[in-house]
Structure formats: C-alpha cells, structure tokens
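Novice: Please find one structure pasted underneath; my questions will follow.
The values are calculated or read from the model by the stated rules, or taken from the named source; none is laboratory data. Everything numeric here is computed off the predicted structure, so don't read it as measured data. Methodologically, a virtual Cβ is constructed for each residue, glycine included, from the backbone with ideal geometry; neighbour enumeration extends over all protein chains shown.
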C-alpha cells in the first residue's frame, strides 16, 4: 500500500518499541509521521532492558511461544502472526544487528547491547521521514486535536489518526507512568487496573537473614505452586533473595498467578525444593546418617553439599524440632514453604498487567469508542513472562497498529 498521493499525517505518541515499530510501518508506506515522547530521548526503558543483554525474543516452538501469553494468547497470536520471532530476527539483521540463540532458547543481539540496535533503527526512521518531538507530554484532546505540554508552551495539533504507545506504569522515571489512564477513561474507554507483573514479592525475613543473605541467588531450585483449581505446577530455575523478599526469573514466571492469589487471599505460599535433582528418599538417607559432633549446617554441607543461603533458608523457616529430626529436615529440604505477603511496588517492577481492554478494541487495535485512535504495547491489557515474550509482543502490536492505521486511512479515501 502506498498513500503518498494524499500524504496523511499521523501522530505516534510514545517512543518505545511499540511506538517506533508503528512509526516505521507507517513511514515505509508513505505516511507523514510525527512521533512524540515526554522524555528527553528515545527508548529509555528499551535501553535499560539492554543492560541485561537485551533479550529480544525466544526461539522455542511457535505453539509453546504463544502459550506464554496465558489467557490472552488467542488475541496475541494475531499480533505474532504479523510479526513473529523469525520476523523480528530478520528485521534486526536488516539493521545490521546479528542475533544468536542462547542455551535457554533466548535470542540476543550478538553484541548483547540495546544501544547499537536503537541507533541503527533511529537512523533508518529519520531517513524515512519520521519527525521526533521530545519533551512533548501528551495531555489529552482539545476540540478533537491533540494537546501537548512542552517547556516552551502548550502545542495543539490535529492529525488524521493517532497511535498511542504509552507503556504501563513500571519504572515511571523512564516515562511510563500510567497518566494516560484517566485521559482514556474520560472518553469511555474500558481499562483494567494496572498491576505489577514480572515482579518481586515481599517476605517477612528476619533482620539476621536479610543482613546475611540479601542479594544471594538460589540455584538450582524448584518451585511448586498450587493454583485456584488445586492443580500443582513445578518449575525449575533460579531466583534471588532480596532485603524485602524474593525476585528473579523463576519468580517472574509465576508472578501473575502469585499476584492474583495474594489479591484473593491476602497472601500466598510457594514450596521450594532446595535439591531438585535429589529424590526425597535419598535426602532422608543423608540426613539420617550419623553426624557425630558436626553441627546441622556442617552435616548438610558434608552429606548434601547444602550450604550458604540454602542452609540459611532452612534455619530461617524451620522450627528447632524440624532441624533436629532427620526425616522432617529432609522433607523441608525437598518442600520448604515460603509465604509471600505482597507484590513489590508497581514503580519498580519490570512490567505491568492491565490496561486498555482488548474487548474495547477492534482486531487492528483501533478503539471502538474512538475511530482513528489506535493503541499498542504494554498499555494494552495483557502480560507475559520475561524471556523475550514482552518485547516480541510489543514490537508485533506496533506492527498491527501501524497496519491498522494504513487500512483505516485507505478506507476513508
């Protein structure tokens, strides 16, 4: 499709992956694009994600990939159809960024950095005619036109269509503060409350445990968790003890379920297997072995190579009677209950759940209540674990929204 004859002017608000992808999709098809962001520079949260290596996507089987999106997988499958992990890697290659698949199936840029990819992308966007307007905070509508606050004075401008890609409410210092919620609600748009996702949880650790073990990783470890239906699931991985509780990849993978349990019950419980490769009967045999004059900690280290933070957890969470009983101690090693009290504040989590309800949008991500207004990215009501799933869906939703704008503009001609 080429719309150069009419040259419509579209605003994209939000300079993260979803907004940039929408802008690229539009500009490559002859649309005049103005991209606005409240921050002084582009892609700040994207760059922060790159500090951990920039996990772009995941190389697992497509069916398994889609299942990572939980209750929204059918909706997001339509986005991924437009821009899947293979497409994403090819797109990066087109920017001169090679990628590789890590041992876990996660896909990273060869340089393990976000900045080179972002620089190449911005160069291509500017070359395609996209105009960037930084320090422009969108503050709503005025007589059908968009209104922006800028240090030099408010700006009001009318566009043929708009793509909102304003993020959720995590890391507000990087630009995503959820201020758009009130603006869209005032227009009758249905919005699910923003909630922490891919988050840590609070645990009531003792001062001694926090002082000695905060910041230490637990690896390998398995978590068993029971959902509302009574079904138990077990996941193997690692996470970190924090001053406040627990966080890390294994915790993030369960965060949506854990959050919802806490909302319903006030707290929830996970069970840790500190030695996931050792059968219970073998753990009992080792614990029952005479320890002589050795302490419990010394005995566990000698017989089971159990030490450090894992031993600290047993002392923190077990009664003295359990520590002195070989059978009870072995069972605690294999099934140690930990009570999670609350999620960490939304301002410090990796991403958010909730947002613009997909039921209030057409499949092309245009708001049913507001023709010509499209939304993309984390501001939509979906969530996914870390591992490339978040970024892939953000890119894909930007592509879908951009194509939706093109089709809508074509129908208006």
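Yes/no per residue for (1) farther than 13 Å from residue 338 by Cα; (2) modelled with pLDDT of 95 or more; (3) surrounded by 13 or more Cβ atoms within 10 Å (Cβ to Cβ):
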site: 209; (1), (2), (3): yes, yes, yes
site: 216; (1), (2), (3): yes, yes, yes
site: 222; (1), (2), (3): no, yes, yes
site: 229; (1), (2), (3): yes, no, no
site: 245; (1), (2), (3): no, yes, yes
site: 282; (1), (2), (3): yes, yes, yes
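Novice: Next up: Tell me which residues, restricted to region 93-108, are surrounded by 19 or more Cβ atoms within 10 Å (Cβ to Cβ) and either under 17 Å from residue 45 (Cα atoms) or at pLDDT below 90 (or both).
Specialist: Matches in region 93-108: 108 only.
Novice: Given 113, 157, 185, which one is surrounded by fewer than 18 Cβ atoms within 10 Å (Cβ to Cβ) and in contact with a helix residue (DSSP H, G or I) (Cβ under 6 Å, 6 or more places away or on another chain)? Don't jump to the end; show me each part of the working.
Specialist: Values: 157 fails: in contact with a helix residue (DSSP H, G or I) (Cβ under 6 Å, 6 or more places away or on another chain); 185 fails: in contact with a helix residue (DSSP H, G or I) (Cβ under 6 Å, 6 or more places away or on another chain).
Of the residues listed, the single one that is surrounded by fewer than 18 Cβ atoms within 10 Å (Cβ to Cβ) and in contact with a helix residue (DSSP H, G or I) (Cβ under 6 Å, 6 or more places away or on another chain) is 113.
Novice: Looking at region 107-148, which of its residues are over 25 Å from residue 8 (Cβ atoms) and outside any loop (DSSP other than H, G, I, E, B)?
Specialist: 107, 108, 109, 115, 116, 117, 118, 119, 120
Novice: With 71, 4, 51 as the choices, which residue is surrounded by fewer than 19 Cβ atoms within 10 Å (Cβ to Cβ), more than 23 Å from residue 255 (Cβ to Cβ) and modelled with pLDDT under 95?
Specialist: 4
Novice: Next question, about the same structure. Does residue 166 qualify as being outside any loop (DSSP other than H, G, I, E, B), within 30 Å of residue 374 (Cβ to Cβ) and either within 21 Å of the chain's Cα centre (by Cα) or in the same structural domain as residue 379 (by TED's automatic domain parsing) (or both)?
Specialist: no
Novice: Could you tell me which of the residues 179, 192 is assigned by TED's automatic domain parsing to the domain that holds residue 37 and touching a residue at least 60 places away in the same chain (Cβ under 8 Å)?
Specialist: Checking each option against the conditions leaves just 192.
Novice: Is it true that some residue in region 335-348 is touching a strand residue (DSSP E or B) at 6+ places or on another chain (Cβ under 9 Å), buried (at least 18 other Cβ atoms within 10 Å of the Cβ) and outside any strand (DSSP E or B)?
Specialist: yes
Novice: Can you tell me which residue within region 143-154, out of those that are in contact with a strand residue (DSSP E or B) (Cβ under 7 Å, 6 or more places away or on another chain) and at pLDDT 95 or above, is surrounded by the fewest Cβ atoms within 10 Å (Cβ to Cβ)?
Specialist: By that ranking, first place goes to 145.
Novice: Of everything in region 67-103 that's in contact (Cβ under 8 Å) with a residue 24 or more places away in the chain and not in a helix (DSSP H, G or I), which residue is nearest to residue 375 (Cα to Cα)?
Specialist: It comes out as 83.
Novice: Could you list all residues from region 356-413 that are in contact (Cβ under 8 Å) with a residue 12 or more places away in the chain, more than 19 Å from residue 255 (Cα to Cα) and assigned to a loop (DSSP other than H, G, I, E, B)?
Specialist: 357, 362, 363, 364, 365, 369, 370, 371, 372, 376, 413 - these are the residues of region 356-413 that are in contact (Cβ under 8 Å) with a residue 12 or more places away in the chain, more than 19 Å from residue 255 (Cα to Cα) and assigned to a loop (DSSP other than H, G, I, E, B).
Novice: If you check residue 38 against the conditions, is it out of contact with any helix residue (DSSP H, G or I) (no Cβ under 9 Å at 6 or more places or on another chain), assigned to a strand (DSSP E or B) and buried (at least 19 other Cβ atoms within 10 Å of the Cβ)?
Specialist: no
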